[in-house]
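The values are calculated or read from the model by the stated rules, or taken from the named source; none is laboratory data. Nothing here was measured: the structure is a model prediction, and the numbers come from that model. Cβ placement follows ideal geometry from the backbone for every residue including glycine, while neighbour counts extend to all protein chains displayed. Quick note on the areas: whole protein, heavy atoms, side chains included, nothing else; ligands and nucleic acids left out. Shrake-Rupley method; radii C 1.70, N 1.55, O 1.52, S 1.80 Å.
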Amino acid sequence: MLFQLQNHSIFFKLFTAFLLLTTLPIFAQNTGEIKGYVREAKTGAPIPGATIQLEGTNLGAVSNGDGYYVIGNIPTATYTVKTSFVGYISQMRFGVIVRSGGIPNVNFNLEESFQELEELVFTANPFSKEEETPLSIQKLNAEEIAGYPGGNNDIAKVVQSLPGVSGSIGGFRNDIIIRGGAPNENVYYLDGIEIPNINHFATQGSAGGPVGLLNVSFFNGVTLSSSAFPTQYDNALSGILQFDQRIGNQEKLKTNFRLGSSEAALTFEGPLFKRERDAKNAKTTFIASVRRSYLQFLFEVIGLPFLPDYWDFQYKINHEFDAYNTLSITGVGSIDDFSINVPDEFDAEQQATLDRVPVIQQRTNTIGITWKNRFKNDKGLLQVSLSTNRLSNNFRQFRDNENQTGLFLQNDAIEQETKLRALQTFFRGQWTLKLSQSVQKVDYSNNSINLVDNFNFNSEIDFIRYGASVQASRLSPDQRWSYSLGFRVDGNTFTDNGNQFWRQFSPRASASYTFDAQRKWSVNASLGLYYKIPPYTILGFRDINGGLSNQDAEYIRNTHAVAGLEYLVTPSARFSLEAFYKKYNNYPVSITDSVSLANLGADFSVLGNEPIASVGLGRSYGLEFLYQKKFTNDYYLILAYTLFWSEFTGFDTEAFLPSAWDSRHLLTFTGGYQFGNNWEISARMRFVGKTPFAPVDQNETLQNYPAVIFDYNRLGDMRINAFNQTDVRIDKKFNFEKWTLNVFLEIQNVLGQAIPQPPEFGLNRNEQGGIIDPRTLVEISEIENSSPLPAIGVIIDF
């Protein structure tokens, strides 16, 4: 979606504008405040009397009876904040930025300590994990997300920098490919409400898209689990992304405006009711945002053959009935239109793109309501969620895109899920027991036309999915041992064997041991079995006679085995080494192309509208190294390297072939340094090894053009060159009496490195764009895509 700037003078103009913005004479406000809550980690109960201290200063506070604290008159800078209370493990938050306005609450959740009072007092590991997931877990807080270089405030791009995570070929999409698994093997949760996708122009049946649809201004933090999944989560094979949203400001109305390289966003928050404004700790708060893209205007000005136009919205309403009961309403949605723009002058590359680009009209909407109840004896929790999500996807391709005639591919589909989930948590000493139940109603319809493969059908299906789980975890009295055992079962009323829920029996176990008294070294391991129902595009497919061809599809099965070692170098830095192995069974294989669907889904298409057989096998295995340092001494850094193999079979289950994600090497470096006077520079470098691709079958493509037919029998024979890109971001923050300003300059691909792409083909045309007879295919000259891509952004809080 990003275009490359060919005129370097634009870069110098943007850089000059950035310097002018950051050197204007201003009158700054040099103090701010930090406030928030201190709560018990398991139950969420307030902790009164906790001490909150800014490291390296004399500034601090003590939490009141509600666990609330305020530290005022703090010089604007970046701090480490430490919280402690007798009987609990102290906790530190690194990289807390104090501004004159727009500072979200800095909350702490302290874990109970079972050590005797006279024994050593420990500080909690800042790279926190849970008994259920002691490894393969990464967490980013709000400060780390907001200033991520090269992310363009896009959470999916930020996640692609975490260990074991890569994007699709060429790096232009937001597909999240974890440890060699397909993009649709992940699930996403927003405050416990499942959302089908986190991107605009999503690939139905898969995941990913070119632009993220979640507003980073909402987040307290993001957690990525790439194995050892807790049992209450279903349908995940490779990853679970959990987005923790904050509540709106409890004291006054606040506004955030952000102008980036591709969109403008406006966020409002505060007490919902007027009578609670300007009061402390309002019981009912809201936070809501709307974003609008302007890429379509830029693309039209520079003459690109497609115009991406999108809106998105996000909101959360939170009401606290009392100290034990909370109700929240969460929603997110998007309006996406991908249209054609005919260039004024002929260009071979743009014409090939114009021939093949789809016309997309897509609408998404998710809304959920969650009730949380803390037992009055502090021995347990109850959480109940009711949600619905809907995707409307009208995807069309024409033989004549300019006049939109000759329709040869259409996917006019609606899929909707209505879900009821319940989670009960019980605490007994060092034991934690979790029980979960879920039921959901699925509705799917599709008016599909595929003249290339002669698949044309109207389909409507509806059915019930259900599941339940149990998980017991224990932390030893000396808090050096932890282990967890659990299982879940899942079923459905649609597939032939769906109601035999015992076939989807999913046991899992994990353990962690800290084997030195200083709690620096720990060894962790997990073993688990996970299941995923095939996409609704597969289940709803009908053959030429109107029959449901794939009703015999099986749940995809994935077995994980992971072991790792972690060393806490300092209170703010760690390194870890993990070995992982994933074994797949029952993977859908295309009867039409004889390729595992594990290789598909990272392009602008629809995955699954075809007959399949659940016979494919797969495996992914490798080593993952991570060094991470939280923000201290004016800098932070993350260095991650993954060496892995990803292989899948087709109908020949003895032949494991490299998958489309088998790049073997993933290397990311991310770091930032803060100078004086609120200047910061950060950088991200990504390296992805040579990646396999399926070459174009030129004979079949010529017969079916503009449809592109790939030769999947040769997948793995050819690889594109390694992907290597470095992004840089420079921030300058200004603090005024009642508002703050952040101006940033972001330069993607600052070193001008070529972005690899597979060969592309188009019809042979003359200089005026006319087709030369007899029709032949020609390879499009390699596109110049090595220019740096600069952009200026502005963030205002008031």
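Quick look at the values:
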{"read-out": "Long-range amide H partners of Asn785 with built H, under 5 Å", "value": "Ile755"}
{"read-out": "Across Lys82/Lys372; Lys280/Lys441; Lys157/Lys376; Lys139/Lys583; Lys254/Lys733, pairs whose alpha-carbon gap is larger than 30 Å", "value": "Lys280/Lys441; Lys157/Lys376"}
{"read-out": "Hull-based mean projected area of the range 508-630, where the convex hull spans the alpha carbons, in square nanometres", "value": "10.1"}
{"read-out": "Length gained when the stretch Thr388-Asn403 is fully extended (0.36 nm per residue, less Cα-Cα span)", "value": "1.7 nm"}
{"read-out": "Share of carbon and sulfur in the accessible heavy-atom surface of the range 266-423 [1.4 Å probe, %]", "value": "55"}
{"read-out": "Note, ³J(HN,Hα) from phi for the range 456-471, Karplus 6.51, -1.76, 1.60, rounded to Hz, x at Gly and Pro", "value": "9, 7, 10, 9, 9, 9, 8, 6, 10, 10, 8, x, 8, 8, 9, 8"}
{"read-out": "Cα-based convex hull volume of the chain per residue, rounded to whole Å³", "value": "150"}
{"read-out": "Contour excess over end-to-end distance, with Cα ends at Arg275 and Val301 and 0.36 nm allotted per residue", "value": "4.5 nm"}
{"read-out": "222 nm mean residue ellipticity, helices alone, for the chain (DSSP H n ≥ 4; -39,500 (n - 2.57); rounded to 500)", "value": "-1500 deg cm²/dmol"}
{"read-out": "Distance in nm between pseudo-label sites at Leu623 and Met718 (7 Å out along the Cβ direction from Cα)", "value": "3.3"}
{"read-out": "Signed unit charges on C-beta, dipole axis of the chain, positive-most listed residue Leu600, Phe286, Gly303", "value": "Phe286"}
{"read-out": "Heavy-atom accessible area per residue - the chain, 1.4 Å, Å²", "value": "40"}
{"read-out": "Isotropically averaged projected area of the range 204-311, using the convex hull of Cα atoms (one quarter of hull area), nm²", "value": "10.1"}
{"read-out": "Charge dipole magnitude, Cβ of K and R +1, D and E -1 - the range 370-416, Cα centre, debye nearest 20", "value": "580"}
{"read-out": "Under 13 Å from the Cα of Lys690 - aspartates and glutamates, other chains or at least 8 residues apart", "value": "Asp662, Asp717"}
{"read-out": "Label-point gap, in nm, between Gln703 and Asp478 - each point 7 angstrom along Cα→Cβ", "value": "7.2"}
{"read-out": "Size of charge dipole - the range 517-564 - debye, nearest 20, with Cβ of Lys, Arg +1 and Asp, Glu -1, no other charges", "value": "460"}
{"read-out": "Of Pro534, Leu190, Leu763, farthest towards positive along the dipole that unit charges on Lys, Arg, Asp, Glu beta carbons give the chain", "value": "Leu190"}
{"read-out": "Nearby lysines by direct alpha-carbon distance to Lys379 (threshold 23 angstrom, same-chain neighbours under 8 apart not counted)", "value": "Lys42, Lys129, Lys434"}
{"read-out": "³J(HN,Hα) computed for each position of the range 743-757 - Karplus, 6.51 cos²θ - 1.76 cosθ + 1.60, integer Hz, glycine/proline x", "value": "10, 9, 10, 10, 10, 7, 6, 4, 8, x, 8, 5, 8, x, 9"}
{"read-out": "Whole-Hz ³J(HN,Hα) from phi, Karplus 6.51 cos²θ - 1.76 cosθ + 1.60, for the range 205-220, glycine and proline x", "value": "x, 10, 7, x, x, x, 9, x, 10, 9, 8, 5, 5, 7, 8, 7"}
{"read-out": "Dipole magnitude of the chain about its Cα centre (Cβ charges: Lys, Arg +1; Asp, Glu -1), debye to nearest 20", "value": "2760"}
{"read-out": "Charge-dipole axis of the range 647-771 as Lys and Arg at +1 and Asp and Glu at -1 on Cβ define it, positive-most pick from Gln698, Trp739, Met718", "value": "Trp739"}
{"read-out": "Per-selection Rg to Rh, the range 294-399 - Cα, Kirkwood hydrodynamic radius", "value": "1.30"}
{"read-out": "Amide proton proximity set for Leu59, modelled H, under 5 Å, gap of 5+", "value": "Leu54"}
{"read-out": "Accessible-area order (highest first, 1.4 angstrom probe) of the listed residues Thr267, Thr78", "value": "Thr78, Thr267"}
{"read-out": "Segments 62-69, 697-704, 93-100 sorted - mean Cβ within 10 Å per residue, highest first", "value": "93-100, 62-69, 697-704"}
{"read-out": "The chain - share of DSSP beta bridges that are antiparallel (%, nearest 5)", "value": "95"}
{"read-out": "Stretch gain in nm, segment Asn64-Trp431, where the contour uses 0.36 nm per residue and the Cα spacing is subtracted", "value": "129.2 nm"}
{"read-out": "Segments 34-41, 576-583, 497-504 sorted - mean Cβ within 10 Å per residue, highest first", "value": "34-41, 576-583, 497-504"}
{"read-out": "Sparse-neighbour loop sites [chymotrypsin sites (Phe, Trp or Tyr not before Pro); the range 127-188; at most 16 other C-beta within 10 Å; DSSP]", "value": "Phe172"}
{"read-out": "Span-like helix ranges in the chain, DSSP H, alpha carbon extent 15 angstrom or more, Kyte mean at least 1.0", "value": "8-22"}
{"read-out": "Cα centroid separation - the range 383-411 against the range 250-268, whole Å", "value": "30"}
{"read-out": "Loop-resident sites, the range 285-376, for GluC sites (Glu not before Pro), counting at most 15 other Cβ within 10 Å (DSSP)", "value": "Glu345"}
